[in-house]
Amino acid sequence: MNLEKKLIEVLNQAKEVFHKVESSQDLQDKKAEYLGKKGVLSTYLSDMKDLPVEEKPKFGQAINDIKNQINGFFEDAKTRIEKAAVMKKLSLEAIDVTLPGKEIRLGSKHLLSQVIEELEDIFVGLGYTVKEGPEVELDLYNFEMLNLPKSHPARDMQDSFYITEELLLRTHTSPVQVRTLLENIDKLPIKIICPGKVYRRDDDDLTHSHQFTQIEALVVDHHASLSDLKGTLLTIARKMFGEDRQIRLRPSYFPFTEPSVEVDVSCHKCNGVGCSMCKGSGWIEILGAGMVNNAVLEAAGYDSNVYQGYALGAGIERIAILKYGIDDIRALYTNDLRFNRQFK
Ligand code: PHE
């Protein structure tokens, strides 16, 4: 009886011990302590030999019973510890979806590309198609066929970077006029624009750059008059600088156009009153244009009695500078992101 009481005590103690166990190492130690070969129950089992024969089965049964119960405590504790370990791991690996994410910066188009696309949209809306030409160009197309023979003094204003005597970095987008004329003699009317980079030998400063961007427009048809050109210029000026703009044409000179004009637009900053932007005049020069010179048409194989055309060439940087109030042309090439991001 005394023995049985002791066993009950062992059982209660084990219950408490396994309930408190927290680590799996501890759990294994306690298992050995109670259920192992040299554990508490084994000692009681060896005490059995001193009992009277008739009590042995009953006592053996009791020990077995207690062993099963303690095993149950062990299994419960094991499940509890494993569960706690999983929970701990889960909480350590958990992702806090409410934390702010890493900022992904979206790029954007460079201001020059934006202005080119804006102009392309306007011209395409007027029925023009976009053409491209090479930046390394023949002297023949860049100058000669544009009525600028080798000895022409106007070449001085467009000195270039020569690769050979006959090959240079184009000084304007006008050679695309020649290329288009040569390609399309059977496919009139011609109505193209050509945006692209051009190069001139120049000293870089606030307003000059040895590389810049132009957009050229060329129309050739049976009838293509100066008033068509004027209407086109007014449309472009208004779409780019506001619906209230006026334009003014001043006589000018380009070897490849005759007559030639310099196009001014009424100042979008002061509305033509006079301010620092337009240097007090109320007008800002934006581009050069004119009727395609007969010599240019004839050189490309067009009968100038049958065909006529007009052309214009504008500096993209100049338009960007005027429209966005930029004070240094070089800011458009130095790729300072603080500058570029202002035009997102
Ligand atoms: N090619 C001229 C320049 O770069 C601009 C221009 C183009 C003028 C077409 C008239 C007609 O200065």
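Observations on the structure shown:
- Each residue in the range 166-224 was checked for being in contact with a Ser or Thr (Cβ under 8 Å, 6 or more places away or on another chain) and part of a loop (DSSP other than H, G, I, E, B), and 5 pass.
- Restricting attention to the range 286-317 and to residues that are over 23 Å from ARG245 (Cβ atoms) and free of Cβ contacts under 8 Å to residues at least 40 places away in the same chain, the residue that is nearest to the ligand (Cβ to nearest atom) turns out to be ASN294.
- Boolean, ALA320 is more than 14 Å from the ligand (Cβ to nearest atom), in contact (Cβ under 8 Å) with a residue 40 or more places away in the chain and closer than 18 Å to GLU216 by Cα: yes
- First in the range 222-248 and without any contact (Cβ under 8 Å) to a residue 24 or more places away in the chain, second anywhere and open to solvent by less than 10 Å² (accessible area, probe 1.4 Å) and among the aliphatic types (A, V, I, L, M), Cβ under 8 Å, 6 or more apart: ARG245/ALA237; ARG245/VAL265; ILE247/LEU233; ILE247/ALA237; ILE247/VAL263; ILE247/VAL265
- Every residue from the range 276-285 that is modelled with pLDDT of 95 or more and away from the ligand (no atom under 16 Å from the Cβ): GLY280, SER281, GLY282, TRP283, ILE284
- Answer residue from the range 323-344, given it is assigned to a helix (DSSP H, G or I), open to solvent by 70 Å² or more (accessible area, probe 1.4 Å) and touching a residue at least 60 places away in the same chain (Cβ under 8 Å) and is nearest to the ligand (Cβ to nearest atom) among those: ARG330
- Residue within the range 206-219 that is more than 14 Å from the ligand (Cβ to nearest atom) and charged (D, E, K, R) present: no
- Summed over the range 130-185, the residues that are modelled with pLDDT under 95, in contact with a helix residue (DSSP H, G or I) (Cβ under 9 Å, 6 or more places away or on another chain) and within 11 Å of the ligand (Cβ to nearest atom) give a count of 1.
- Sole exception among (1) over 23 Å from THR171 (Cβ atoms); (2) surrounded by 15 or more Cβ atoms within 10 Å (Cβ to Cβ) for LEU218, by number: (1)
- For the range 95-129, the candidate set comprises residues that are acidic (Asp, Glu) and modelled with pLDDT under 95; within that set, the residue that is farthest from GLU317 (Cα to Cα) is ASP96.
- The listed residues are GLY125, GLY133, and the only one of them that is among the small types (Gly, Ala, Ser), closer than 30 Å to ALA331 by Cβ and in contact with a Gly (Cβ under 7 Å, 6 or more places away or on another chain) turns out to be GLY133.
- Residues within the range 261-299 that are outside any strand (DSSP E or B) and either of a type in the set (Phe, Trp, Tyr) or open to solvent by less than 10 Å² (accessible area, probe 1.4 Å) (or both), tallied: 5
- Verdict on LEU138 being on the phi < 0 side of the Ramachandran plot and touching a Pro at 6+ places or on another chain (Cβ under 8 Å): yes
- Residues in the range 128-165 that are free of Cβ contacts under 8 Å to residues at least 40 places away in the same chain, outside any helix (DSSP H, G or I) and open to solvent by less than 40 Å² (accessible area, probe 1.4 Å): GLU137, PHE143.
- Exclusive hit being over 22 Å from TYR324 (Cβ atoms), modelled with pLDDT of 95 or more and away from the ligand (no atom under 13 Å from the Cβ), set SER260, SER227: SER227
The values are calculated or read from the model by the stated rules, or taken from the named source; none is laboratory data. No experiment lies behind these values; they were computed from the predicted model shown. Heads up, the Cβs are rebuilt from the backbone with ideal geometry, glycines too, and the neighbour counts pull from every protein chain shown. Accessible surface is based on the protein model in full, side chains and every heavy atom, while ligands, DNA and RNA are left aside. Shrake-Rupley method; radii C 1.70, N 1.55, O 1.52, S 1.80 Å.
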